[in-house]
1. Given labels modelled 7 Å from the Cα in the Cβ direction, how far is it in nm from Leu36 to Lys83?
2. If you average the sequence gap of Cα pairs under 8 Å that are 6 or more apart and divide by the length of the chain, what percent do you get for the contact order?
3. Taking Cα atoms, how many degrees apart are the long axis of helix 61-72 and the longest axis of the chain, rounded to 10 and kept between 0 and 90?
4. Taking the Cα centre of the stretch 48-106 as origin, sum charge times position over the Cβ atoms of Lys and Arg (+1) and Asp and Glu (-1), and report the length of that vector in debye to the nearest 20.
5. Would you please name the trypsin sites (Lys or Arg not before Pro) within the stretch 1-101 that are DSSP coil residues with at most 10 other C-beta atoms within 10 Å of their C-beta?
6. Give the residue list of GluC sites (Glu not before Pro) in the stretch 55-106 that are DSSP loop and have at most 11 other beta-carbon atoms within 10 angstrom.
7. Most fluctuating residue of Gln41, Gln59, Gln19 in a GNM of the chain with Cα springs under 10 Å: which is it?
8. For the stretch 89-94, take each phi angle, set θ = phi - 60°, evaluate the Karplus expression 6.51 cos²θ - 1.76 cosθ + 1.60, and give the result in whole Hz per residue in order, putting x for glycine and proline.
Amino acid sequence: MTREIHPKQRAYLRSMANQLASQIHIGKEGLTDSVLAQLDQTLEAKELVKITCLETAPQTAREACEVACDALNAAPVQCIGRKFVVYRPKKKDPVIVLPRIRGARG
């Protein structure tokens, strides 16, 4: 189940992601259980993660982003070329506080 965020919140997260370096790389094995476990741990620690799909990866970045977000209940933030960014707040004491949107549900 993919987490939904408002477009203005997504823009806020994109601006934060510009400074991030890729923390996880998806290689020729694709999006394996171990890569998902690593991504889950990184999301719990950092909340906002940039991932790179190498040229040898069997999936495109967009496909990998969809699979990862569904598996980890994360929100897709951005997908450009071979890189994508996902967001999921920490279970306890989230660090990134998304701006409140007037009139938005949730």
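Values quoted throughout were computed directly from the atomic coordinates according to the rules given, and no laboratory measurement underlies them. Computed from a prediction, not measured in an experiment: that's the story for all the values here. As a convention, Cβ positions derive from the backbone with ideal geometry for all residues, glycine included, and neighbour counts pool all protein chains shown.
1. My value for the distance between the label points is 2.6 nm.
2. Working: 170 pairs, mean separation 35.3, N = 106.
After rounding, I find 33 percent.
3. Around 60 degrees separate the two axes.
4. Dipole magnitude for the stretch 48-106 comes out near 420 debye.
5. Working: sites: Arg3, Lys8, Arg10, Arg14, Lys28, Lys46, Lys50, Arg62, Arg82, Lys83, Lys90, Lys91, Lys92, Arg100; in loops: Arg3, Lys28, Arg82, Lys90, Lys91, Lys92, Arg100.
Those that pass, being in a loop and sparsely packed, are Lys28, Lys91, Lys92, Arg100.
6. Sites meeting the loop and neighbour criteria: Glu55.
7. Maximum fluctuation in the GNM of the chain, among the listed residues, is at Gln19.
8. Taking θ as phi minus 60°, the curve returns x, 5, 5, 10, 6, x Hz for the stretch 89-94.
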